[in-house]
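A.B. asks: I'd like to ask you about the structure that follows.
Only the coordinates and a few stated rules stand behind these numbers; no lab work does. If you're wondering where the values come from, they're calculated on a predicted model, not measured in any experiment. No Cβ is skipped: glycine too gets one built from the backbone with ideal geometry, and neighbour counts run over all protein chains shown.
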Amino acid sequence: MRMTMRWFGEGNDHVPLHHIKQIPGVEGIVWSLHDIPAGEEWPLDRILEVKNQAESHGLHIEVVESVNVHEDIKLGLPSRDYYINNYIKTIEKLAEAGVKVICYNFMPVFDWTRTNLYKEMADGSTALFLEKDKIRDIDPNQLVQTIAKDSSYTMPGWEPERLEQLTTLFEKYKEVTEEDLWSNLQYFLEKVITAAKENDIKMGIHPDDPPWSVFGLPRIMTNKKSLQRLLNLVDDPYNGLTLCSGSLGADPYNDIPEMIHEFSDRIHYAHVRNVKTYENGDFIETSHRTKDGSIDIYKVMEAYYDTEFNGYIRPDHGRHIWGEQCRPGYGLYDRGLGIMYLWGIWDTLERNFTRQVSS
Ligand code: DNO
């Protein structure tokens, strides 16, 4: 496996590259041009700027997370061809800079969603928390009105300045069913995978987080069956997965090690983190350690080892510990601990394998 760490860019991430470089075994950063709106073509000079910054610390930029997909593509509007064309031009530029994997998602309106970004844990750390019923079937228009009236009632992604835009988007998604979203995804992939292949860049879709509908919006990348369907939409190795243990693992019915075995040849990029799930569907993000959450991270790593995983991997969200002030989920400390835990498991698996072979 090829260990990486997410980095949000100079002036945008409190973690400097030289700190990332000091984490054992990290060879590259996972990055993006976060200030460029979804749908716009990325300028080559901006891409090369990040490449130079990373390389001056001995780190590569082979994984981009994400090149975001414009809502018009997800909605299947006539303007989608323009945005798909920009997406393809961005792929070509990224290839020029040596990028090998693009992670993206197809979640309408919101990316990952939580109801509390700083939920206190028993040890005094804080972590990302989701209360399922608070957001599952709630009428988004009612929520918009509540937030507009009382600005103390906000949720991540629902900042008052976004409300107008959100209302319009919700309106547009009213008629979009899950099947519509599937066919819009297929339309996108049929065009983009050809370009990705020509440019030797593997596409890895990120599953929906949480893996169920929120605010009544359709969500389709939620379980083994849907991952299989995605891979069949364009049956080509360049159409692959970012397998995120924490996103899929929020649903206790998802068996992550089983998915790793099933889709091993199409997993280009792995996100590993743990979550503790509760009977009512709520979940909280814990340390990466198996004992702290509901996902058997040992078994996840064993599945990657057994399938000879040679793709990119990163620790995912961490808790906020040791008083660190950071972006929610993206502190240095707990992700650094996470990386060492993943290496600990991996190195032990490797040592045991070597011992078995030589005895
Ligand atoms: C959350 C991340 C996601 C991921 C995107 C990929 O921390 O895992 O935001 O980057 O969904 O498009």
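A.B. asks: Once both labels are modelled 7 Å past Cα along the beta-carbon direction, what's the H14-S56 spacing in nm?
C.D. replies: Calculated label separation equals 2.4 nm.
A.B. asks: While we're here: Run the numbers for S294 and L33: contour at 0.36 nm per residue of separation, minus the present Cα-Cα distance, in nm.
C.D. replies: Working it through step by step, the gained length comes to 90.6 nm.
A.B. asks: In straight Cα distance, which lysines are under 26 Å from K89, not counting same-chain residues fewer than 8 positions off?
C.D. replies: The qualifying lysines are K51, K74, K100, K191, K197, K202.
A.B. asks: Provide the gained length on full extension for the span R355 to R162, in nm with one decimal, where the gain is 0.36 nm per separating residue minus the Cα-Cα distance. Walk me through the numbers on the way to the answer.
C.D. replies: Details: separation 193, 0.36 × 193 = 69.48 nm, distance 5.70 nm.
Going from the current span to full extension adds 63.8 nm.
A.B. asks: Further question: Label point 7 Å out from Y118 along Cα-to-Cβ: which residues of the stretch 281-310 have amide N under 16 Å?
C.D. replies: Within reach of a label on Y118, which here means backbone N under 16 Å from a point 7 Å along Cα→Cβ, the stretch 281-310 contributes nothing.
A.B. asks: Calculate one ³J(HN,Hα) per residue across the stretch 198-215 by plugging θ = phi - 60° into the Karplus curve 6.51 cos²θ - 1.76 cosθ + 1.60, and present them in order as whole Hz with x for glycine and proline.
C.D. replies: 4, 9, 6, 10, 8, 9, x, 6, 8, x, 6, 9, x, x, 7, 5, 10, 6
A.B. asks: May I pose another question? Could you sort the peptides 187-195, 12-20 by per-residue average Cβ neighbour count (10 Å cutoff), highest mean leading? Can you show the working numbers first?
C.D. replies: Working: 187-195: 18.9, 12-20: 16.0.
Descending mean neighbour count gives 187-195, 12-20.
A.B. asks: Please arrange S264, S247 by counting, for each residue, the other beta carbons lying within 10 Å of its beta carbon, fewest first.
C.D. replies: Final ranking by Cβ density, sparse to dense: S264, S247.
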